[in-house]
Amino acid sequence: MDLKELYRDVILDHNKRPRNFGTLAVPPAHEARGANPLCGDTLRVWVQLDGDRVTDVKFEGKGCAISVASASLMTEAAIGQTRADVQAQFERIHTVFTHHDAPLDPALGKLAALAGVRDYPARVKCASLAWHTLNAALAAADTDSPLSNPPTIKTE
Amino acid sequence: MTLLPPDATPFSASEIAAIRADFPVLHQQVNGKALAYLDNAASAQHPRQVIDAEAEYYRHDHANIHRGVHTLSQRATDAFEAARHKLQHFLHARSHREVILTRGTTESINLVAQAYARPLLQPGDEILVSRLEHHANLVPWQIVAGQTGAVVRPIPITRRGEVDFEAFRTLLTPRTKILALSHVSNALGTINPVAQFIAEARARGIITCIDGAQAVPHLAVDVQALDCDFYAFSGHKLLGPTGTGVLWGRESLLEAMPPWMGGGDMILEVSFEGTTFNTLPHKFEAGTPNIAGFIGLGAAIDYVQGLGLARIAATEEELLRYATTRLEAIEGLSIIGTAPHKAAVISFIVEGIHPHDLGTILDQEGVAIRSGHHCAMPVMEFFDVPATARASFAFYNTRAEIDQLVGALHRARDLFT
């Protein structure tokens, strides 16, 4: 396998210069934490909503190029979308990660750059952590009270 | 404690070639490249002598041990107990009764924590655990501390990755009951001067539990010379099968300890009114053990002793020196753990490339290393890194494989910069 299929220029660029890297104030934003206990990667994702629309997403964390680039690309894909759009995009990218032969949906846009991950099963968790954490942050928006701790999700 | 003559000769190129011929797994391609297996600290590979010993046992002798009068059961029992005697001599233990066979280092340490420490510890008692330990020599102590009200106190380490002896001395109090210390750090390769720590502990009546998982077979271990109370290790790092391990313990301590797990083999007589426990070592060996595994481990000991532990150590020392020099020359690479006395383990980071990306890129070049926290998260925290890449060498590795590692690291840098 060609390593450039995994480490495409888009991935290397987002790893080096992650977009939307930073924090949002809670409230009004909602936060979730993600961890990959196997490798020690940690991630925090903040999401801000205006009704049904995602108005801002930010993330912080330490991780490999795949996890950082995936989180960075995810923020770009999610900002400005409705929650239903974000959910649909999550399902599309999840299919890419878990189905080796699934055709790439054109609606993936830039996220298609992550498709190389599926040839490296040990690395799929790196790429999916950000999306699972965003989902948890969106779920927190439905249940958050000012006193609750942010939910933590783990990929095993 | 290492008893090896300092002037032992490393294996020659032709000797290495002959040794490598004994290891079937080394001769394969991974991702189209010759395999360079540099993850020996996670698990060593097996020579055919070990694989054959296990297979021959299953072909000809398998039966349950210690419980049949028939011929196969007798043969299986003899072969299993012969392995115990090999382990006794390998460790320079006084008696085979001190050699408890377990599933691995982790089980061995849990046994000490539960059967020795738990009945002993009182609220406020202290267990000293070095910051260098991997989780198997930390978590069992945290569990028993939780059960008894005792406290786990970390012994600091230095920037070079050595356990700080002076800091250790200042931590000693009349409440200190147990010292848990690794012989060799799995994450960094540091060889701890354990004898010095043990002497200090023994002078104060503190019980010592040494984690030798990473020490065998790279050092010759003499438990009597070390003068520790417990010594634990795993078979699979000694070219033996997984699921085999040893707890050596001082006989007087083992004798006084209650059994840990109950079941077959650890009893003499059972009735509903009560049970008489078996004598050492069987008191701590409930259930049918990994019989074939220990027979394989016996063959592994024969194998390394046939090669000579001193020559193994000299060969690995040379590989460590060569690899250290080559890796230090790579721009942006930093070695984590720079103690003067190290086993053939190099933990490192490369600026701008996460260890997991290194692991994937190196794998594409046929090079197997470990990337991650090495089950030693407090060590990673100390050096403020989430993870490292770790190359670890065995006597069957070659300079050419280290060159392959270096080439792959340059490839990674080219890709990322």
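Computed from the coordinates by the stated procedures, all read-outs in this text should not be read as laboratory data. No experiment lies behind these values; they were computed from the predicted model shown. Every residue, glycine among them, receives a Cβ derived from its backbone with ideal geometry; neighbour counts consider all protein chains shown.
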| query | When DSSP assigns beta bridges and you keep just the ones with both residues in chain A, what percent turn out antiparallel, to the nearest 5? | reply | 80 percent
| note | quick note, the protein assembly as shown, DSSP beta bridge pairs, % antiparallel (nearest 5) is 65 percent
| request: Please list, or write none, the lysines whose alpha carbon is within less than 30 Å of the alpha carbon of residue A:62, excluding same-chain residues fewer than 8 places away. | output: A:4, A:16, A:110, A:125, A:154, B:342
| query | Dipole of the range A:3-141 (Lys/Arg Cβ +1, Asp/Glu Cβ -1, origin at the Cα centre): which of A:47, A:12, A:135 lies farthest to the positive side? | reply | A:12
| message | 5 Å is the cut-off here: which amide hydrogens, built 1.01 Å from N in the peptide plane, fall below it relative to residue A:152, excluding neighbours closer than 5 in sequence? | response | A:33
| remark: Treating every alpha carbon of the range B:351-417 as one equal point scatterer without solvent, the Debye formula yields log10 I(q)/I(0) values at q = 0.20 Å⁻¹ of -0.84
| Taking 0.36 nm per residue of separation and subtracting the Cα-Cα distance, what length does fully extending residue B:351 through residue B:199 add? | 50.6 nm
| said: With +1 on the Cβ of every Lys and Arg and -1 on the Cβ of every Asp and Glu, and nothing else charged, how large is the dipole of chain B about its Cα centre, in debye rounded to the nearest 20? | reply: 280 debye
| message | Helix-only estimate, please: 222 nm mean residue ellipticity of chain A, summing -39500 (n - 2.57) across DSSP H runs of length 4 or more and dividing by its residues, to the nearest 500. | response | -12500 deg cm²/dmol
| query | Taking the inverse of the average 1/r across all pairs of different Cα atoms in the range B:113-251, what Kirkwood radius in Å do you get? | reply | 15.1 Å
| request: Find which of B:261, B:349, B:214 sits farthest along the positive direction of the dipole of the protein assembly as shown, computed with +1 on the beta-carbon of Lys and Arg, -1 on that of Asp and Glu, about the Cα centre. | output: B:349
| field | Diffusion coefficient, µm² s⁻¹, Stokes-Einstein with Kirkwood Rh over alpha-carbon pairs of the range A:3-141 at 10 °C and 1.306 mPa s | value | 107 µm²/s
| task | Before rounding to the nearest 500, sum -39500 (n - 2.57) across all DSSP H runs of length at least 4 in chain B and divide by the residue total; then give [θ] at 222 nm in deg cm²/dmol. | result | -11000 deg cm²/dmol
| said: If I build a Gaussian network model for chain B, linking alpha-carbon pairs within less than 10 angstrom, which residue out of B:177, B:86, B:33 has the largest mean-square fluctuation? | reply: B:33
| query | Taking K and R as +1 and D and E as -1, what net charge do the other residues with C-beta under 12 Å from the C-beta of residue B:396 add up to? | reply | -3
| Charge context of residue B:225, other residues only, Cβ under 15 angstrom, K/R +1, D/E -1 | -1
| query | Put +1 on the Cβ of each Lys and Arg and -1 on the Cβ of each Asp and Glu in the range B:22-106; which of B:58, B:44, B:83 then has its Cα farthest toward the positive end of the dipole? | reply | B:83
| If we count every other residue with Cβ under 13 angstrom of residue B:210's Cβ, Lys/Arg +1 and Asp/Glu -1, where does the sum land? | -3
| field | Cα-based Kirkwood hydrodynamic radius, the range B:51-305, one decimal, Å | value | 18.8 Å
| task | Please return the longest stretch of chain B lacking exposed loop sites, where GluC sites (Glu not before Pro) count only if DSSP places them in a loop and at most 12 other Cβ atoms lie within 10 Å. | result | B:1-272
| field | Two-decimal Rg to Rh for the protein assembly as shown - Kirkwood Rh, Cα set | value | 1.01
| field | About the Cα centre, charge dipole magnitude for chain A (Lys/Arg +1, Asp/Glu -1 at Cβ), debye | value | 400 debye
| Which whole number gives the average count of other chain Cβ atoms within 10 Å of the Cβ atoms across peptide B:351-358? | 6
| Roughly speaking, what is the centre-to-centre gap between the range B:102-152 and the range B:187-239 when only Cα atoms are used, to the nearest Å? | 16 Å
| query | GNM on chain B, C-alpha springs below 10 Å: top fluctuator among B:55, B:113, B:41? | reply | B:55
| query | So between residue B:256 and residue B:164, what do we pick up on full extension, going 0.36 nm a residue minus the alpha carbon distance? | reply | 29.9 nm
